[in-house]
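Any read-out appearing in this document is the output of simple, stated calculations on the displayed coordinates, not a laboratory observation. Since the model is a prediction, treat every value here as computed from it, not as a measurement. For neighbour counting, all protein chains shown are included, and Cβ atoms are generated from backbone atoms with ideal geometry for every residue, glycine included.
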Amino acid sequence: MPGPARQKAAMEATAEAWYRVDDDDPQLRPESLRYRPAILVECSVNFRSLRAGLNHSEERNYTAWLPQGDLAVDWDSPAVEAFDLGRLASSPNPSIASALEAVHKSSQDLDQYGSELTDKLVRSERLKIFFNPVF
């Protein structure tokens with residue numbers, strides 16, 4: 001029996017993808033799951049220190065649930081803990097229901113989410129360099 005019709009996210013110039021569940025996990029039955037709108041940010045985090053002569057970059061992915069209304073994104077609690085880019089699908093699993101709320105976000109909202117993530121990273125991310133005088 002087909003479920004309710006899926007509502008496409010109304011976001012300007014964004015790609016829509018679905019995260020596939022692990023088929024080997026018996027606790028994650030498709031009937032008990034629901035798709036919920038989230039945001040994925042792929043970025044390069046650059047650590048620079050002129051004094052230490054350091055310039056180091058790391059490629060990272062961050063996920064968070066999209067907030068309802070005008071609330072801020074909670075970047076401290078990821079939507080997917082161990083994100084695997086290979087598990088993104090271009091179409092949803094038909095046996096997994098969709099969240100019923102429609103998602104209407106503008107490009108200004110996405111810009112705000114990006115700046116909130118940038119602020120969080122500036123406040124919290126540090127590069128640890130281990131030093132051993134023997135080496």
In whole angstrom, the spacing between the Cα centers of segment 43-98 and segment 117-132 equals 16
I want to check the label-to-label distance for residue 58 and residue 122. Put each point 7 Å from Cα in the C-beta direction and report it in nm to one decimal. 2.0
